[in-house]
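The values are calculated or read from the model by the stated rules, or taken from the named source; none is laboratory data. Everything quoted here is computed from the prediction, not taken from an experiment. Cβ atoms come from the backbone with ideal geometry, glycine included; neighbour counts cover every protein chain shown.
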Amino acid sequence: MKGEKLTLMGGVLTAFLTSACCTIPLALSIIGISGGAVAFTWLEKYRLPLTIISIALLGLSLYLAYRKDKTCNCETECEVTTTKKVSRISVWISAIVILFFVSFPYLQGSELSSESSFAYQETSKLDTVVIMVEGMTCGGCETTVERTLNEIEGIIKVSANYKTGQVQLIVEKTKRDYILTMAKSKITELDYKIISYNPETE
């Protein structure tokens, strides 16, 4: 049982590390703490091996939970069965947690965050600002950026794409320069690097 618990704990911890570069910055942004995103991006390059290790540990835990105990006899059969039931429930709960962490980095930001609604229908009053950002590695990074920038007054919609490094803003035209300045500041606070932006402030 001790070995099984350690295997489960190892699987959950490893799975958490596969998404730490996304989940930790996102959690910090939700509670209002900026920065720290880049501090965890180094884990991104280890995502695949960590995922393999986590799934392997989960498989081992399932094997240990469902294997037949050859030392069991009739007198201890009920006790072992009860223990096994508890163990198997723990394994399946852990499996759900592991699968969540492993899949989290591949979720699109639009699926994780609430999308801003278009309050202004007249396109003549709107403008588009595109900021190229370095450091986003997954859907969780997209959500962190979108949640943070949506707090800026005058932004109608934010759309971040970690694959292209592009952050697109639909903004009120009269507040464009102010919004661009604030957006650059907030992105920098999140520890992402701004490569370029368009249009330039006048």
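For the range 187-202, residues that are within 20 Å of L126 (Cβ to Cβ) and assigned to a strand (DSSP E or B) total 2.
Taken over the range 177-202, residues that are in contact (Cβ under 8 Å) with a residue 12 or more places away in the chain, over 20 Å from the mean Cα position of the chain (by Cα) and under 15 Å from M132 (Cβ atoms) amount to 9. Within the range 73-90, identify whether any single residue is among the small types (G, A, S) and either on the phi > 0 side of the Ramachandran plot or modelled with pLDDT under 85 (or both), and answer yes or no. Yes, because at least one residue in the range 73-90 is among the small types (G, A, S) and either on the phi > 0 side of the Ramachandran plot or modelled with pLDDT under 85 (or both).
Kindly provide the set of residues from the range 135-145 that are among the hydroxyl-bearing types (S, T, Y) and assigned to a helix (DSSP H, G or I), ordered by number. Scanning the range 135-145 gives T143, T144. Hey, could you check the range 145-161 for residues that are farther than 12 Å from I131 by Cα and of a type outside the set (A, V, I, L, M) and say which is surrounded by the fewest Cβ atoms within 10 Å (Cβ to Cβ)? Looking at residues that are farther than 12 Å from I131 by Cα and of a type outside the set (A, V, I, L, M), I get E153. Of the residues in the range 17-36, at least one is of a type in the set (S, T, Y), more than 21 Å from V86 (Cα to Cα), modelled with pLDDT under 70 and buried (at least 20 other Cβ atoms within 10 Å of the Cβ). Number of residues in the range 146-176 that are under 25 Å from the mean Cα position of the chain (by Cα) and outside any strand (DSSP E or B): the value is 11.
Are any of the residues in the range 177-186 closer than 20 Å to K125 by Cβ, part of a strand (DSSP E or B) and β-branched (V, I, T)? Checked the range 177-186: no residue is closer than 20 Å to K125 by Cβ, part of a strand (DSSP E or B) and β-branched (V, I, T).
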